[in-house]
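A quick write-up on the structure given underneath.
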Amino acid sequence: MTDLDLCAAQYCSVAGDLNVNLDRHAQFMRLAAHHGVKFLLFPELSLTGYEPSLASELALSADSELLQPLRDLAKQSGMTTVVGVPLRQAGAEAVFIGALVFGADGSQITYTKQYLHPGEEVVFSPGQGGPLLAVSGEKIALSVCADFSHASHAEAAAQAGAGIYAASVLISNNGYAHDSALLRGYAQQHAFGVLMANHGGPSGGWACAGRSAFWSPNGEHIVSATGTGDCLVIARRRQGVWEGEVVAHSFGA
């Protein structure tokens with residue numbers, strides 16, 4: 001079993017400010033790379049904040065030049081990075097809740113949220129998901145928030161051979177106990193690791209819980225943030241044994 005270094009970027013988005021969020025994403029990426037991370041996962045809609053009322057205005061195409069510095073940084077650091085952004089395809093009105101994967105090899109993959117939370121359909125269209133990722137010899141399946149509330153989504157990831165289920169989320173204080181128990185249950189049921197990256201501060205009117213976490217393939221809680229705020233939640237596998245680390249940092253906006 002190969003060594004593996006995964007990280008959830010618990011991130012406090014600046015509502016609607018792409019330029020500030022792009023700069024702060026780059027800061028997170030550099031810090032994660034400094035700590036040897038090979039896979040970095042940001043929360044749902046991390047580049048804009050969870051702001052449905054602004055999504056149509058802020059939506060980007062997957063090939064937007066605004067994202068080039070993050071693409072370049074992922075390649076330079078050898079760190080596959082997943083960022084959240086509202087996506088619009090060329091010539092189409094539909095807006096998707098997207099996760100863009102900037103590969104360590106310079107490639108790019110698009111994942112779009114398949115299952116919408118009630119009310120999101122007013123702004124967003126259901127997506128098609130995306131392929132498994134390959135990082136350090138491990139297959140990683142992506143999930144964006146409400147996707148994981150459907151047991152069939154995690155089941156499909158397991159059947160496809162995923163060793164890690166990586167969920168970009170917005171989970172509130174009120175929802176954390178239920179949702180974290182669900183994710184831990186998937187780790188036990190499907191014998192894969194579960195990485196969860198949550199917002200570290202308020203977004204879209206929600207009081208986000210933070211407490212981003214990783215559960216090992218037997219459902220053991222390995223590491224989590226203690227609460228809210230900006231931080232990196234790192235899970236490392238060495239000779240088949242998982243260990244965790246939380247790296248807190250204050251990022252200026």
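In the elastic network of the chain, a GNM with C-alpha springs shorter than 10 Å, the most mobile of Asn218, Asn198, Asn174 is Asn174.
Charge tally for Ser212 (other residues, Cβ to Cβ under 13 Å; Lys, Arg +1; Asp, Glu -1): -3. How big is the gap, in Å, between the Cα center of the range 1-73 and the Cα center of the range 75-105? Value for the Cα centre distance between the two parts: 9 Å. Taking 0.36 nm per residue of separation and subtracting the current Cα-Cα distance, fully stretching the chain between Leu182 and Glu243 would add 19.8 nm.
For the range 122-164, the Stokes-Einstein estimate of translational diffusion at 25 °C and a viscosity of 0.890 mPa s comes to 217 µm²/s, using the Kirkwood hydrodynamic radius over alpha-carbon pairs. Computed with every protein chain present, the accessible area of Val14 is close to 50 Å² [probe 1.4 Å]. Ranking Leu133, Leu182 from most to least accessible surface, computed with a 1.4 Å probe over the protein chains only, gives Leu182, Leu133. Length gained on full extension, Ala92 to Asp23, computed as 0.36 nm times the residue gap minus the Cα-Cα distance: 22.0 nm.
Each residue of the range 221-231 is assigned a 3J(HN,Hα), and the resulting list reads 6, 9, 6, 7, 5, 7, x, 9, x, 6, 6 Hz, derived from the Karplus form 6.51 cos²θ - 1.76 cosθ + 1.60 (θ = phi - 60°), x at Gly and Pro. Heavy-atom accessible area for Cys12, with the other protein chains in place and a 1.4 Å probe, reaches approximately 30 Å².
Just the Cα atoms of the range 94-200, one point each, no solvent: what log10 I(q)/I(0) does Debye give at q = 0.11, 0.19 Å⁻¹? Relative scattering, expressed as log10 I(q)/I(0), comes to -0.33, -0.99. What number do you get for the range 4-149 when its Cα radius of gyration is normalised by 2.2 N^0.38 Å, N = residues? Dividing the Cα radius of gyration by 2.2 N^0.38 Å gives 0.98. Here r is the Cβ-Cβ distance between Asn218 and Arg30 and R0 is 30 Å; the resulting FRET efficiency, rounded to 0.05, is 0.35.
Of all beta bridges that DSSP places with both ends in the chain, some 70 percent have antiparallel geometry.
Multiply the residue separation of Asp3 and Ser107 by 0.36 nm, subtract the distance between their alpha-carbon atoms, and state the gained length in nm to one decimal.
Working it through step by step, the gained length comes to 35.2 nm.
The values are calculated or read from the model by the stated rules, or taken from the named source; none is laboratory data. All of these numbers come straight from a predicted model, not from anything done at the bench. For neighbour counting, all protein chains shown are included, and Cβ atoms are generated from backbone atoms with ideal geometry for every residue, glycine included. With ligands, DNA and RNA removed, areas are computed over all heavy atoms of the protein, side chains included. Shrake-Rupley method; radii C 1.70, N 1.55, O 1.52, S 1.80 Å.
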